[in-house]
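S.K.: Dumping the structure here so I can ask a few things about it.
The values are calculated or read from the model by the stated rules, or taken from the named source; none is laboratory data. Please read these numbers as outputs of a predicted model, since none were measured by experiment. Cβ placement follows ideal geometry from the backbone for every residue including glycine, while neighbour counts extend to all protein chains displayed. Keep in mind that these areas ignore ligands, DNA and RNA; they rest on the heavy atoms of the full protein, side chains included. Shrake-Rupley method; radii C 1.70, N 1.55, O 1.52, S 1.80 Å.
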Amino acid sequence: PEAETRTNPIPCPSPPAQVRRSPTLHCRQAIVTPVARPHRSSSNRSRFVATRNGTFGTGLQLHALLVKNGCDVSIPGGSSLISLYSKLGQLGNAYHVFHMMPTRNVVPWTAIIAGFAQSWEVDTCSRLFYLMRQAMIEPNDITFASVLSACTNSAYLGFGRSIHSLEFKMGFDLYTHVSNALISMYAKSGNIEEAHYVFENIPCRDLISWNSMISGFSQHGLAKNAVELLNQMDTQNVTPDAISYLCVLSSCRHVGLVEQGQRCFDLMLKRGLNPELDHYSCIIDLLGRAGLLDEALDVIKKMPIHPNAVIWGSLLSSCRVHGNVWIGIHAAENRLLLEPGCAATYVQLANLYASVGYWNHVAEVRKLMKERGLRTSPGYSWIEIGNKVYNFKAEDRSNNKLNEILPILDSLACHMELSECPAAANIDLQYEEIPP
């Protein structure tokens with residue numbers, strides 16, 4: 001059946017308590033007494049226009065008006081309202097609209113799944129997708145792309161594979177945007193081989209397909225593959241955009257391909273593309289990691305746009321690795337002018353002083369941090385093992401398997417040193433970081 005008529009409430013997962021509110025609560029001040037009862041078709045069109053144009057206040061007022069007049073929520077109008085509340089981050093209200101719809105087809109189901117996917121609520125997305133299948137509603141290409149996007153940023157590789165299997169059986173592997181979502185999902189979940197397999201089997205690739213694959217190679221440190229793919233774009237008459245060059249520059253900086261990175265940056269300029277702050281950040285980081293600190297500083301001085309805190313922070317990190325105190329101090333001062341409350345800058349500066357034995361300056365920086373009440377925010381990482389995602393937090397020793405994890409990390413660091421891996425030096429420096 002194309003649509004499902006609700007007679008009993010569907011046992012969908014409840015939204016968090018802090019967003020579980022009636023949609024009329026936000027709009028009572030906007031309610032006006034209508035001269036005539038609004039027609040369903042006109043209100044549907046109005047809500048659709050309000051959602052597309054970003055006039056969210058108008059959309060909320062129209063919803064409040066419909067509730068006040070007792071109008072039923074139709075499929076087009078309900079879907080628009082779900083998208084509206086999702087864009088506002090009000091998932092509780094979006095789910096309330098979905099739950100109150102008397103009839104639902106694939107459009108509102110996809111809208112509510114996409115709303116939770118945008119907030120990386122993978123568990124809720126998977127539950128809704130399961131209930132959608134139970135209701136005999138067939139997912140479409142947008143449904144699959146939304147679910148896969150949620151898996152992409154949450155390391156749910158097992159669930160993503162099951163979605164891949166289902167969409168392949170239903171024939172959606174021919175849809176380019178679904179394949180693009182698969183490439184990103186596999187690449188960001190650590191399986192670059194499957195990402196490349198999907199890329200190679202796309203019948204009609206678009207620019208997003210190429211950029212997704214180049215980005216995947218970049219994330220896995222396969223800079224040569226990324227450069228080769230960029231060259232293939234030229235042979236297949238696909239014009240790279242700024243994102244294409246950014247992905248290649250990012251991959252080159254991580255593995256130290258200075259010449260290839262500079263060539264890519266020059267090619268971008270030759271083709272009339274104006275580098276943005278992210279491109280400059282990559283090329284400066286590339287030069288800095290290679291120890292070409294004077295060249296990196298020269299690029300900053302010649303930038304046609306004002307450098308941001310990220311660029312100065314990148315140069316500061318390179319100065320710390322290579323022990324260049326004076327350029328490092330210059331970078332730290334400029335970054336603190338832009339972000340005076342950035343605790344990470346103080347930590348980097350203290351470590352820079354410590355690397356050359358300026359312990360009195362280290363004490364001054366630490367004292368200054370203490371006086372200003374600055375603390376660094378901990379970093380997070382995660383890994384999926386056996387269909388379960390394990391989260392890790394920096395400086396958090398509450399993990400009950402910590403005594404098993406630390407020896408493995410030490411063993412990996414030793415292997416990197418024996419293999420003369422450049423990243424091993426960064427690991428040593430991180431172990432020596434001086435807390436505030």
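S.K.: Just to be sure I understand the filter: pairs with C-beta atoms under 6 Å, separated by 6 or more residues or on different chains, first member in the stretch 408-420 and under 19 Å from Gly256 (Cα atoms), second member among the hydrophobic types (A, V, I, L, M, F, W, C) and modelled with pLDDT under 85. Which pairs pass?
M.R.: Met416/Ala424; Glu417/Ala424
S.K.: Every residue in the stretch 105-146 that is over 23 Å from Leu88 (Cβ atoms) and among the acidic types (Asp, Glu), please.
M.R.: Within the stretch 105-146, Glu138, Asp141 qualify.
S.K.: While we're on this one: So, in the stretch 165-183, of the ones that are hydroxyl-bearing (Ser, Thr, Tyr) and either assigned to a helix (DSSP H, G or I) or open to solvent by less than 40 Å² (accessible area, probe 1.4 Å) (or both), which residue ends up nearest to Gln219 (Cα to Cα)?
M.R.: Restricting attention to the stretch 165-183, the residues satisfying the condition of being hydroxyl-bearing (Ser, Thr, Tyr) are 165, 175-176, 179.
After this cut, where a residue has to be either assigned to a helix (DSSP H, G or I) or open to solvent by less than 40 Å² (accessible area, probe 1.4 Å) (or both) as well, the list is 165, 176, 179.
Numbers: Ser165: 25, Thr176: 22, Ser179: 18 Å.
Across the stretch 165-183, the extreme among qualifying residues is Ser179.
S.K.: Starting from residues that are assigned to a loop (DSSP other than H, G, I, E, B) and within 26 Å of the chain's Cα centre (by Cα), keep the ones in the stretch 341-364 and report whichever is nearest to Val310 (Cα to Cα).
M.R.: Cys342
S.K.: Please determine, by comparing only the residues of the stretch 382-403 that are open to solvent by less than 60 Å² (accessible area, probe 1.4 Å) and in a strand (DSSP E or B), which one is farthest from Lys188 (Cα to Cα).
M.R.: By that ranking, first place goes to Val389.
S.K.: Specify the residue that is farthest from the chain's Cα centre (by Cα); the eligible residues are those in the stretch 112-149 that are free of Cβ contacts under 8 Å to residues at least 60 places away in the same chain and under 13 Å from Val389 (Cβ atoms).
M.R.: So the residue we want is Ser126.
S.K.: Also: Within the stretch 192-249, how many residues are under 26 Å from Leu286 (Cα atoms) and not in a helix (DSSP H, G or I)?
M.R.: Number satisfying all stated conditions: 6.
S.K.: Going by what's in this entry, would Leu374 be described as over 24 Å from the mean Cα position of the chain (by Cα), crowded, with 17+ Cβ neighbours inside 10 Å and not in a helix (DSSP H, G or I)?
M.R.: Here the answer is yes, as Leu374 does meet what is asked.
S.K.: Additional query: Considering only the stretch 256-272, I want to know if a residue exists there that is in a loop (DSSP other than H, G, I, E, B) and in contact (Cβ under 8 Å) with a residue 40 or more places away in the chain.
M.R.: Yes, the stretch 256-272 has at least one match.
Table: residues versus (1) within 30 Å of Ile137 (Cα to Cα); (2) among the polar types (S, T, N, Q); (3) touching a strand residue (DSSP E or B) at 6+ places or on another chain (Cβ under 6 Å).
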{"position": "Glu167", "(1), (2), (3)": "yes, no, no"}
{"position": "Met170", "(1), (2), (3)": "yes, no, no"}
{"position": "Ala181", "(1), (2), (3)": "yes, no, no"}
{"position": "Phe199", "(1), (2), (3)": "yes, no, no"}
{"position": "Cys204", "(1), (2), (3)": "yes, no, no"}
{"position": "Ser218", "(1), (2), (3)": "no, yes, no"}
{"position": "Gly221", "(1), (2), (3)": "no, no, no"}
{"position": "Asn225", "(1), (2), (3)": "no, yes, no"}
{"position": "Ala242", "(1), (2), (3)": "no, no, no"}
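S.K.: Now for a different question. Answer yes or no as to whether Glu276 is of a type in the set (D, E, K, R), over 22 Å from the mean Cα position of the chain (by Cα) and open to solvent by 80 Å² or more (accessible area, probe 1.4 Å).
M.R.: no
S.K.: Follow-up. In the stretch 331-354, what count of residues is obtained for those that are farther than 17 Å from Ser281 by Cβ and open to solvent by 60 Å² or more (accessible area, probe 1.4 Å)? Even if it seems obvious, please write down each step before you answer.
M.R.: Within the stretch 331-354, the first condition is being farther than 17 Å from Ser281 by Cβ, and the residues that meet it are 333, 336-337, 340-341, 343, 346-347, 349-354.
Retained after the next criterion (residues that are open to solvent by 60 Å² or more (accessible area, probe 1.4 Å)): 333, 337, 340.
Result for the stretch 331-354: 3.
S.K.: Something else now. Could you figure out which of (1) open to solvent by 50 Å² or more (accessible area, probe 1.4 Å); (2) under 30 Å from Phe159 (Cβ atoms) isn't true of Gly379?
M.R.: In the conditions (1) open to solvent by 50 Å² or more (accessible area, probe 1.4 Å); (2) under 30 Å from Phe159 (Cβ atoms), Gly379 misses (1) alone.
S.K.: Return the residue satisfying two criteria in turn: it lies in the stretch 240-269 and is open to solvent by less than 30 Å² (accessible area, probe 1.4 Å) and polar (S, T, N, Q), and of such residues it is nearest to His220 (Cα to Cα).
M.R.: Per the criteria, the residue is Ser251.
S.K.: Could you check the stretch 196-228 and list, in sequence order, the residues that are charged (D, E, K, R) and either surrounded by 18 or more Cβ atoms within 10 Å (Cβ to Cβ) or within 17 Å of Leu174 (Cα to Cα) (or both)?
M.R.: Those that are charged (D, E, K, R) and either surrounded by 18 or more Cβ atoms within 10 Å (Cβ to Cβ) or within 17 Å of Leu174 (Cα to Cα) (or both): Glu200, Arg205, Asp206.
S.K.: Give me a count of the residues in the stretch 199-224 that are within 21 Å of the chain's Cα centre (by Cα) and under 22 Å from Ser165 (Cβ atoms).
M.R.: Residues that pass the stated criteria total 5.
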